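First the structure, in the form of structure tokens, and then the observations on it.
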Amino acid sequence: MERYLEEHIRRDMERKIIILSGPRQVGKTTLSKQLVASFVYLNYDSSADRRIILEEEWPRDTPLVIFDELHKLKNWKSKIKGIYDTDGIPPCLLVTGSARLETARKAGDSLAGRFFAYRLHPLTVREIVQGLKEPSAVALEKLLRLGGFPEPYLLNDETHAKRWRRTHLDTIIRTDLLDLERVRDLKSIEVLIDLLRSRVGSPTSYSSLAQDLQVSVHTVKHWLQILENLCVIFGVRPYHRNVARSLLKEPKYYFYDIGAVEGDIGARLENTVALALLREMHLLEDTTGSRTALHYLRDRDGHEVDFVVLVDRKPKLLAEVKSGDQTFAKSLWHFGRYFRNAQKVQIALDLKRPREKDGVSMVSAHEYLANMTLQP
């Protein structure tokens with residue numbers, strides 16, 4: 001299956017180093033090996049490959065060299081910079097790996113001006129419809145049941161998905177987390193993840209989590225940041241600028257693995273929409289250089305909208321997600337007066353036909369997700 005980033009990466013790798021990051025087992029290595037017919041793949045975890053990397057002995061006549069887990073090499077950015085500055089392109093250079101690579105990418109410095117970065121996401125309804133030609137309703141049903149990571153989705157086996165999820169999370173905690181941070185209390189991290197599973201879509205109370213885990217609020221915030229760095233969860237912060245009677249509330253947290261969400265279908269659908277929005281935002285940032293932000297809205301009077309998307313600091317979309325209720329959410333009109341130029345949409349799970357009222361659209365979830373894009 002061709003992934004949605006392949007065309008963009010093929011274009012850019014003729015000019016720049018490519019850094020490809022994303023959650024563990026999201027398909028980064030598979031995508032990298034699909035870019036060209038002939039390539040050299042070097043994994044720093046392999047002793048034989050490590051020697052080739054350290055001595056720079058790969059063939060220079062190959063179209064592409066893929067470096068996996070290169071971030072485990074001390075001063076890896078200086079090394080890849082030296083190769084790029086000395087040898088140039090070809091061969092094209094692609095660096096991929098686990099969570100520490102994304103952290104290192106954000107640090108920037110020595111690779112400035114020499115690379116383009118991409119973030120690969122799990123499958124979305126839009127990618128499934130385009131790549132696998134599955135009907136959007138089928139794609140959404142499977143995502144809600146299995147999650148969007150390629151292996152469990154493509155096998156379409158719920159038992160396998162549960163077993164995969166357990167191994168996947170265990171590997172993240174006991175391998176990636178220990179590679180990224182010196183954390184002794186791994187069991188409490190696991191408990192924190194379990195607590196978040198059942199609170200998707202709700203503002204997070206740091207003090208409540210701290211009390212449940214018997215640790216300080218500072219520790220809870222630190223652990224949540226670690227889980228964000230590991231691409232287990234992502235936070236959606238409240239938007240407050242220029243909104244009357246707004247409150248500074250804690251963030252909501254969502255999972256990269258939709259299948260990890262516990263609770264009713266409403267929580268899973270909201271997580272699915274949040275993840276699809278984040279994918280489109282990252283795609284826009286990585287391919288155009290725009291800046292995006294994802295927030296939610298809530299004021300003192302109880303008005304709330306699930307998501308507001310900003311592109312280059314300008315509100316582009318207000319979205320409310322409903323799994324059952326198909327009456328228009330009044331909050332979209334309430335906040336709409338502050339965001340007159342933004343699209344306002346209510347995403348409903350089993351809507352028979354689209355509706356519109358006073359500038360607010362109501363659309364079926366599977367159809368909206370199949371066509372979701374933030375591209376200009």
Of (1) loosely packed, with under 12 Cβ neighbours inside 10 Å; (2) over 22 Å from L278 (Cα atoms); (3) of a type in the set (S, T, N, Q), Q326 satisfies all except one. Which? (1)
Restricted to segment 186-211, and to residues that are among the charged types (D, E, K, R) and surrounded by 15 or more Cβ atoms within 10 Å (Cβ to Cβ), which residue is nearest to the chain's Cα centre (by Cα)? R197
Within segment 108-115, can one find any residue that is part of a helix (DSSP H, G or I), modelled with pLDDT of 95 or more and either in contact with an Asp or Glu (Cβ under 6 Å, 6 or more places away or on another chain) or crowded, with 21+ Cβ neighbours inside 10 Å (or both)? no
Take the conditions over 16 Å from L227 (Cβ atoms), among the β-branched types (V, I, T) and in contact (Cβ under 8 Å) with a residue 24 or more places away in the chain and apply them to T124. Does it pass? yes
Can you say whether Y256 is among the aromatic types (F, W, Y), more than 20 Å from S198 (Cα to Cα) and in contact (Cβ under 8 Å) with a residue 60 or more places away in the chain, as far as the supplied structure shows? no
By my count, strands (runs of 3 or more DSSP E) wholly in segment 229-345 with at least 3 residues that are hydroxyl-bearing (S, T, Y) and either in contact with a helix residue (DSSP H, G or I) (Cβ under 8 Å, 6 or more places away or on another chain) or under 20 Å from E127 (Cβ atoms) (or both) are none
Please work out if H71 is farther than 19 Å from P122 by Cβ and in contact with a Ser or Thr (Cβ under 9 Å, 6 or more places away or on another chain). yes
Criterion violated by K16 - all others in (1) in contact with a strand residue (DSSP E or B) (Cβ under 7 Å, 6 or more places away or on another chain); (2) among the charged types (D, E, K, R); (3) surrounded by fewer than 22 Cβ atoms within 10 Å (Cβ to Cβ); (4) under 30 Å from D257 (Cβ atoms) satisfied: (4)
What tally of residues in segment 194-228 results from selecting those that are aromatic (F, W, Y) and free of Cβ contacts under 8 Å to residues at least 24 places away in the same chain? 0
Boolean, S207 is under 20 Å from N271 (Cα atoms) and modelled with pLDDT of 85 or more: no
Looking at segment 44-65, I want the residues that are without any contact (Cβ under 8 Å) to a residue 60 or more places away in the chain and at negative phi and have a partner that is surrounded by 11 or more Cβ atoms within 10 Å (Cβ to Cβ) and part of a helix (DSSP H, G or I) with Cβ atoms under 6 Å, at least 6 apart or on another chain. Which pairs are those? Y44/R50; Y44/L70; Y44/K72; W58/I52
Collect the residues in segment 186-203 that are in a helix (DSSP H, G or I) and hydrophobic (A, V, I, L, M, F, W, C), keeping them in residue-number order. L186, I189, V191, L192, I193, L195, L196
V220 β-branched (V, I, T), surrounded by 17 or more Cβ atoms within 10 Å (Cβ to Cβ) and either modelled with pLDDT of 95 or more or not in a loop (DSSP other than H, G, I, E, B) (or both): yes
Restricting the search to segment 78-94, which residues are crowded, with 16+ Cβ neighbours inside 10 Å and either closer than 13 Å to F39 by Cα or out of contact with any strand residue (DSSP E or B) (no Cβ under 9 Å at 6 or more places or on another chain) (or both)? K79, P91, C92, L93, L94
Test A319 against the criterion of being of a type outside the set (D, E, K, R), modelled with pLDDT of 95 or more and closer than 22 Å to A348 by Cα, and give yes or no. yes
Any residue that is among the hydroxyl-bearing types (S, T, Y), at pLDDT 95 or above and under 22 Å from the mean Cα position of the chain (by Cα) - is there at least one of those in segment 32-44? yes
Here are D179, D157: which of them is in contact (Cβ under 8 Å) with a residue 24 or more places away in the chain and over 22 Å from Y253 (Cβ atoms)? D179
Tell me which of these A99 doesn't satisfy, since it passes every other one: (1) surrounded by fewer than 20 Cβ atoms within 10 Å (Cβ to Cβ); (2) at pLDDT below 90; (3) not charged (D, E, K, R). (1)
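The values are calculated or read from the model by the stated rules, or taken from the named source; none is laboratory data. What you see is a predicted model; the values in this text were computed from it and never measured. Glycine also receives a Cβ, built like all others from the backbone with ideal geometry; neighbour counts cover every protein chain displayed.
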